[in-house]
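Read through the structure below, which is laid out as structure tokens, and then see the notes.
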Amino acid sequence: MVPFTAGLEVRIASREDLNLVRELALLIFPVTYRDIVAAGQVDYMMNLIYSPEALAVQQESGQIFLIIYVEGRAAGFAGYTRLNVSGDFKLNKIYLDYNYQGRGLGKWLLSDVISRVKASGGRTLQLNVNRFNKARGFYESMGFTFLKEDKVDIGNGYFMDDYVLSLRLKTNLKI
């Protein structure tokens with residue numbers, strides 16, 4: 001497949017755009033996790049993280065959602081938050097429609113997030129990735145390194161069994 005070179009746009013999602021984030025998540029999230037966690041956990045996480053109310057709370061709490069468009073069509077999304085005043089940020093989510101994977105779109109979207117974080121004074125960008133998710137290799141190819149293991153109880157008897165990865169961001173600060 002040919003990499004994308006034109007027709008790409010990344011926009012900050014408005015409150016109204018959260019429905020589009022949910023639609024994309026309903027398409028992408030279950031396929032991503034169907035071979036990694038139990039089906040019941042996928043449904044539970046969809047309701048926990050991607051219900052309209054949950055997305056609104058995340059946005060109101062400071063999470064910035066981005067939607068990437070290819071020739072005007074929504075093809076994926078990302079969400080990130082500032083963790084502290086020291087400049088640590090977290091990539092909470094990044095997902096692409098499977099029809100667009102493998103052509104550099106994920107790299108484009110992640111690079112956009114990194115640029116925005118740096119412009120906000122970010123010094124690190126962290127993320128959690130399920131220990132069985134093949135995306136770990138993608139993140140490592142983008143410069144992320146292993147920080148620690150993290151097993152989070154998300155309720156209802158389910159856990160997120162993750163690796164935490166971190167990317168140190170270079171800034172242009174003069175000392």
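No value in this document is a laboratory result; all are computed from the given coordinates. Note that the coordinates shown come from a computational prediction; the quantities given were computed from them, not determined experimentally. Please note: Cβ atoms are built from the backbone with ideal geometry, for glycine as well, and neighbour counts cover all protein chains shown.
Observations, loosely collected:
- If you take all other residues with their beta carbon under 12 Å from the beta carbon of residue 123, and give Lys and Arg +1 and Asp and Glu -1, the sum is +3.
- Lys, Arg +1 and Asp, Glu -1 on Cβ, resulting dipole of the chain about Cα centre, debye, nearest 20: 780 debye
- Scalar couplings 3J(HN,Hα) for segment 122-127, obtained by applying the Karplus form with A = 6.51, B = -1.76, C = 1.60 to θ = phi - 60°, are x, 10, 9, 10, 10, 8 Hz; x denotes Gly and Pro.
- Sequence-separation-based contact order of segment 60-147, relative, with Cα cut under 8 Å and 6+ spacing, percent: 23 percent
- Computed label-point distance, nm, for sites residue 150 and residue 9 using a 7 Å Cα→Cβ extension: 3.3 nm
- Summary: within the chain, the longest segment free of trypsin sites (Lys or Arg not before Pro) located in DSSP loops with at most 11 other C-beta atoms within 10 Å is 35-133.
- Ordering 19, 66, 157 by the projection of their Cα atoms onto the charge dipole of the chain, which places +1 on the Cβ of Lys and Arg and -1 on the Cβ of Asp and Glu, puts 66 at the extreme positive end.
- Anchor residue 118: lysines whose Cα lies under 22 Å away (excluding residues fewer than 8 positions away in-chain): 90, 93, 107, 170, 174
- Relative contact order computed over the chain (Cα-Cα under 8 Å; 6+ residues apart), in percent: 19 percent
- Eigenvalues of the alpha-carbon gyration tensor of segment 8-168, scaled by 5 and square-rooted, set the equivalent ellipsoid semi-axes at 21, 20, 17 angstrom, largest first.
- Amide N of segment 127-157 lying under 19 Å from the label point, which is placed 7 angstrom from the Cα of residue 38 along Cα→Cβ: 130-133, 151-157
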